[in-house]
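See structure below.
The values are calculated or read from the model by the stated rules, or taken from the named source; none is laboratory data. What you see is a predicted model; the values in this text were computed from it and never measured. Here the Cβ is made from the backbone with ideal geometry for all residues, glycine too, and neighbour counts use every protein chain on show. All accessible areas refer to the heavy atoms of the entire protein, side chains included, with ligands and DNA or RNA removed. Shrake-Rupley method; radii C 1.70, N 1.55, O 1.52, S 1.80 Å.
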Amino acid sequence: MNKKNRVFNIVLQGLFIALVCVMTMAIQVPVPFTNGYIHLGDSAILIIAVFFGRKYGVIAGGVGSMMADILSGYSHWAIPTLIIKSLMGFVAGSISKYENKKENFISINTFIATLFTVFVMVTGYFIASCIMEGTVNTNIIKSIFPNIIQGSLGSAIFFIVGKALDKLKISKYMERYV
């Protein structure tokens, strides 16, 4: 990879981190019993991981979401979010196989990737909550449904925006750089 492409990739990764952070912070619906919030950042993680690959999804998902937690006053969730959202980017990019054009955008792999990312998020925050609280309580159990809503909303937005990006052939344009 030449120097121009390396610089482009660094700038692109920075933009992706910022996109995840902004999408996470733009609309936040607080969920009182979870000490967290519902947001749109998951759709950005899915778009980045599926269209540009798991490497971009891992870094943008983890760092961008962690920054959003810190900047939004949820710094106690920063480390669990870094781990969970990085794992979401890895899973989405690994399962979808879209960035390599092995599959169509709307495919069973893309659908399974979204299901697994929602599962990773819900399970990850459940486990993190149990560790942080030191027990399983009703508030932690109540947090499962809002996390499923967040993941489902992020997946729906991902498919809408992703279909538009697919029609624009964004992957074809970017493949010489990424």
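Every test in (1) over 19 Å from ILE170 (Cβ atoms); (2) touching a helix residue (DSSP H, G or I) at 6+ places or on another chain (Cβ under 7 Å) is passed by ILE10 save one, and that test is (2). Would you be able to say whether some residue in region 139-148 is open to solvent by 90 Å² or more (accessible area, probe 1.4 Å), at pLDDT 95 or above and not hydroxyl-bearing (Ser, Thr, Tyr)? Within region 139-148, not a single residue is open to solvent by 90 Å² or more (accessible area, probe 1.4 Å), at pLDDT 95 or above and not hydroxyl-bearing (Ser, Thr, Tyr).
Here's the yes/no breakdown for (1) in contact (Cβ under 8 Å) with a residue 24 or more places away in the chain; (2) in a helix (DSSP H, G or I); (3) in contact with a His (Cβ under 8 Å, 6 or more places away or on another chain); (4) not charged (D, E, K, R):
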{"site": "GLY73", "(1), (2), (3), (4)": "no, no, no, yes"}
{"site": "LEU82", "(1), (2), (3), (4)": "no, yes, no, yes"}
{"site": "MET88", "(1), (2), (3), (4)": "yes, yes, no, yes"}
{"site": "TYR98", "(1), (2), (3), (4)": "yes, no, no, yes"}
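Restricted to region 17-64, and to residues there that are touching a strand residue (DSSP E or B) at 6+ places or on another chain (Cβ under 7 Å) and open to solvent by 20 Å² or more (accessible area, probe 1.4 Å), the residue that is farthest from ILE144 (Cα to Cα) is GLN28.
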